[in-house]
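The values are calculated or read from the model by the stated rules, or taken from the named source; none is laboratory data. Model, not experiment: these values are computed from the prediction. Counting neighbours? That spans all protein chains shown, and the Cβs are built from the backbone with ideal geometry, glycine included.
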Amino acid sequence: MKILVCIKQVPGTSEVEVDETTGVLKRDGIDSKLNPYDLYALETALQLKEKVGGHISVISMGPPQAEEIIKESYMMGVDQGALLTDKRFAGADVLATAYTLSQGVEKLGDYDLIICGKQTTDGDTAQVGPEMAEFLNIPHVANVVKIIDICEDHIVVEMDMPDTIEVAKVKYPCLITVEKGIYQPRLPSFKLKLATNDRKIPFYGLDDFDDRDENNYGLSGSPTQVLKVFPPQANTDHEIWQGDSEELVGKLCDKLQELKFI
Amino acid sequence: MAKIIINQEKVKNPEELMNLCPFNAIDYVNEYLEINAACKMCNICIKEGPEGVFELVEDTVKQVDKDAWKGIAVYVDHVEGNIHPVTFELIGKAKEMAEKINHPVTCVFMGHNIKEKATELLHYGVDRVFIYDDKELEDFRIEPYTAAFEDFIASEKPTIVLVGGTTVGRSLAPRVAARFRTGLTADCIILDVQENTDLDQIRPAFGGNIMAHIYTPNHRPQFATVRYKIFSAPERAENSTGEIEMRSIDKDKLKSNIEVIEIKKKEKVENLEDAEVIIVAGRAIKKEEDLGMIHELADLLGAQVATTRPLIEAGWSDPRKQIGLSGRTVKPKLIIVCGVSGAVQFIAGMSNSDCIIAINTDKNASIFNVAHYGIIADIYQVLPSFIEKLKILKESSVDSELLKLVEANV
């Protein structure tokens, strides 16, 4: 069984902030980490491999330093990884990102199952997985909460719906996005770290793809554009209370009584 | 190909210029300043940097004929014909925008045996409802649903398509948007339309405390998803207006590699979205046991308890009780936010609440920007005495009711 997992490097914290008075972006030391939701995708792949055997690759797109998260996935037990990195990929929106990843997936060759995390903690869109599946022309199931069965030519999964759970049988090749908590992610292993220290991480750029038209990548390949960024609007109609606890609690209760909550 | 170029001869202080970028996308290599792959094209370097150093170069591209696309379409989110209330909220927003540009509002409804249910939509001022009714569309499967959606867009050519940010919508909208090679903005919290039909889409961005105004200048249709409880549903009118049109689609297009084996009912949990009063516990909670006081407070106020992402990550709370972009969006009558700093993703999930009370020790916490009543204090000091006082008030109100009863009997 050939499994491919898509992962992303995201900011370690939400450190990008706008200065309230000047409107200028403030920047503190930026640290990065593997998108926490991707840990569940990786763990799902590892569980499936332990059950039926096979090979796990990871693919990511980002600046060269994103190879760190591929190293991290090696420490969890992933067999092979590749990073898609090219200046011409910069400024990509959901569509261009999904297209770039789908080109990268085709570059890597055959697969049965692609697993993505539910969403990333920086973009929070949850849309790259489904768009990739469209570009690859394969079915997808989003919000998978449980793997029921894994067979020769199909997988049986539980998918979270607004009021129900849909149990679906999906033929390979296909893509699933998995929910948080599908399996408990394992910790990176020091033994694997030592064993995989020298394992190569190939970098692929636009010139390695089938489609080398720069207009399909990065900002040019992105239908949506950012017109401007701004700090969230403050609510002007507000009161701030300070003082000792007793006084504050008194005020709070008076207000809640006035508003008829108590 | 659009890109940012750096006019090297104008570079005076490279270190300072590197710091302009919030994403570390400017490198200084061999006395040469360059943009690396981390660039998000936010254009901050152009706006904030010295005049002429950073420059955006764009090639001329083929322009889309915006007049060829007319109407605002709403996807009818449903399970077994039961329409999800986010649909009505989107119809309300669609009508508001359609009026500005004098376009019709349409709905696309796909499923099986749903015609009856569709008449309900006509009480909300929709001009036309397009129905795809087929056995193959009975359960949600991505390929046939995408095919029907594609058929609708290809024939009706709506300029804007709004989809509810439910689990179904978040799976379907990207698929259809990709099929049309067009833009999709997820989880918008503000939508408006320009005279030239460009959709203004505003959402939190870049994982930071920033809002982004996103638009789709040269592609149609423009897709946006919006969570439940962001907009308000219009009043249901007694009379129905508008028409229903039945559509059919080639059976071949409804083929799928997915087979739905079973539909299971979910165990009924309290929906956070339905709560009238919510108490939120944030990062200030030091240990799991301390959630006890939050629950006690909630019981006294008849409220539900919700949390922020750090507490979910710590495993102290049910992910279904998380507020924010990776959790639920809520709009209760009262929300008391305890020890939450107020990341933009969290605020996006609750800022429409009627009354927001926030308690936090840090007077600069962003939560105070949205709170109607901000209390600068430690929750460990305030909450216990708040709980005591509530108990006393409750008892005295019981006492006074008893007293009334006694008096009435005398």
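Brief remarks on what is shown
- Counting only strands (runs of 3 or more DSSP E) wholly contained in region A:22-111, the ones carrying 1 or more residues that are over 14 Å from the mean Cα position of the chain (by Cα) occupy A:55-61, A:80-84.
- All of (1) assigned to a helix (DSSP H, G or I); (2) crowded, with 21+ Cβ neighbours inside 10 Å hold for B:Cys21 with one exception: (1).
- Identity of the residue in region B:24-61, under 33 Å from the mean Cα position of the chain (by Cα) and among the charged types (D, E, K, R), that ends up surrounded by the fewest Cβ atoms within 10 Å (Cβ to Cβ): B:Glu58
- When B:Leu390 is tested against the conditions (1) of a type outside the set (S, T, N, Q); (2) part of a helix (DSSP H, G or I); (3) within 15 Å of B:Ala284 (Cβ to Cβ), the lone failure is (3).
- Number of positions in region A:199-236 that are at the interface with chain B (Cβ under 7 Å from one of its Cβ atoms), more than 25 Å from A:Ala90 (Cβ to Cβ) and not aliphatic (A, V, I, L, M): 2
- Per-region count, region B:43-65, residues part of a strand (DSSP E or B) and charged (D, E, K, R): 1
- When each of B:Ala177, B:Ala148 is tested for being within 19 Å of B:Ala68 (Cα to Cα), small (Gly, Ala, Ser) and at pLDDT 95 or above, the lone residue that passes is B:Ala177.
- Verdict on B:Phe149 being closer than 24 Å to B:Ala233 by Cβ, surrounded by fewer than 23 Cβ atoms within 10 Å (Cβ to Cβ) and not acidic (Asp, Glu): no
- From the list B:Ala237, B:Ala212, B:Ala148, the one residue that fits, being of a type in the set (A, V, I, L, M) and within 8 Å of another protein chain (Cβ to nearest Cβ), is B:Ala212.
- In the set B:Lys40, B:Lys70, only one residue is at pLDDT 85 or above, closer than 29 Å to B:Met97 by Cβ and assigned to a loop (DSSP other than H, G, I, E, B); that residue is B:Lys70.
- Filtered residue count, region A:160-178, keeping only those that are closer than 22 Å to B:Glu267 by Cα and more than 8 Å from chain B (Cβ to nearest Cβ): 1
- Answer from B:Cys338, B:Cys355 - the residue that is touching a residue at least 12 places away in the same chain (Cβ under 8 Å) and facing another protein chain (nearest Cβ under 10 Å): B:Cys355
- Note on region B:344-376: residues that are assigned to a loop (DSSP other than H, G, I, E, B) and under 22 Å from A:Leu259 (Cα atoms) amount to 7.
- Pairs where the first residue, in region A:242-262, is farther than 15 Å from B:Leu301 by Cα and at the interface with chain B (Cβ under 7 Å from one of its Cβ atoms) and the second is surrounded by 13 or more Cβ atoms within 10 Å (Cβ to Cβ) and of a type in the set (Phe, Trp, Tyr), C-beta under 6 Å, 6+ apart: A:Leu248/A:Trp241
- Scanning region A:215-242 for residues that are surrounded by fewer than 17 Cβ atoms within 10 Å (Cβ to Cβ) and either in a loop (DSSP other than H, G, I, E, B) or among the acidic types (Asp, Glu) (or both) yields A:Gln233, A:Ala234, A:Asn235, A:Thr236, A:Asp237, A:His238, A:Glu239, A:Gln242.
- Hey, B:Asn257 surrounded by fewer than 16 Cβ atoms within 10 Å (Cβ to Cβ) and in contact with a strand residue (DSSP E or B) (Cβ under 9 Å, 6 or more places away or on another chain) or not: no
- Residues being of a type in the set (Asp, Glu) and surrounded by 18 or more Cβ atoms within 10 Å (Cβ to Cβ) - total across region A:161-170: 1
- Condition met for B:Asp27 (in a helix (DSSP H, G or I) and either away from every other protein chain (no Cβ under 14 Å) or of a type outside the set (Ser, Thr, Tyr) (or both)): no
- A:Lys107 vs. criteria surrounded by 22 or more Cβ atoms within 10 Å (Cβ to Cβ) and over 20 Å from B:Lys255 (Cα atoms): no
- Selection within region B:183-228 - modelled with pLDDT of 95 or more, in a strand (DSSP E or B), over 11 Å from the mean Cα position of the chain (by Cα) and among the β-branched types (Val, Ile, Thr): B:Val193
- Residue check, B:Ile294 hydrophobic (A, V, I, L, M, F, W, C), in contact (Cβ under 8 Å) with a residue 40 or more places away in the chain and in a strand (DSSP E or B): no
- Residue in region B:239-253 that is assigned to a loop (DSSP other than H, G, I, E, B), within 30 Å of A:Val145 (Cβ to Cβ) and of a type outside the set (S, T, N, Q) present: no
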